[in-house]
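See structure below.
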Amino acid sequence: MNSITATIEGQTLAVELHRITGRDALDYRIAVGEELDYRVGMLLGIGATGQEMPLADAAVVKWLWTRQNLNAAASLPAVAASVTLFPAPADDPVGAASARPEAD
């Protein structure tokens with residue numbers, strides 16, 4: 001297996017295993033306190049079974065994908081904050097409901 005592929009919030013993301021770096025591993029260890037190698041192994045196992053990916057694992061996949069494709073210095077907490085359990089409906093973006101005034 002050369003990659004981890006996951007669909008997160010309707011977008012298919014593929015993390016290329018050969019592009020995961022020592023810096024990724026160190027940043028992950030600092031942020032989480034566990035080894036990235038262990039988490040990648042778990043992600044490969046989840047992908048092989050076809051199970052729904054837990055939210056925390058989806059955040060790790062999106063973080064690795066972001067570092068490989070958009071911003072090599074992206075932090076795990078910043079990327080994880082953008083991953084939601086359920087995507088907002090198209091007609092109600094995240095936070096819009098709480099910004100609406102109460103009806104009298």
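Quick one: which residues, 5 or more positions from Ser3 or on another chain, have an amide H under 5 Å from its amide H? H modelled 1.01 Å from N in the peptide plane, none for Pro or chain starts.
Sorted by chain and number, the residues that satisfy this are Leu17.
Could I have the simple spin-label model distance between Thr12 and Ala56, label points 7 Å from Cα toward Cβ, reported in nm to one decimal?
Those two pseudo-labels are separated by 2.9 nm.
Provide the net charge surrounding Glu34, with neighbours chosen by a C-beta distance below 14 Å and charges set as Lys +1, Arg +1, Asp -1, Glu -1.
Net of charged neighbours comes to -3.
Quote to one decimal, in nm, the extra length available between Arg23 and Asn69 on full extension: 0.36 nm per residue of separation minus the C-alpha distance between them. Write out the running numbers ahead of the final one.
Values: separation 46, 0.36 × 46 = 16.56 nm, distance 1.52 nm.
Net length gain for the segment: 15.0 nm.
Read the figures in this text as sums done on the coordinates, not as results from a lab. A quick note: this is a predicted structure, and the numbers were derived from the prediction, not measured. Cβ sites come from the backbone with ideal geometry, for glycine too, and all protein chains shown count toward neighbours.
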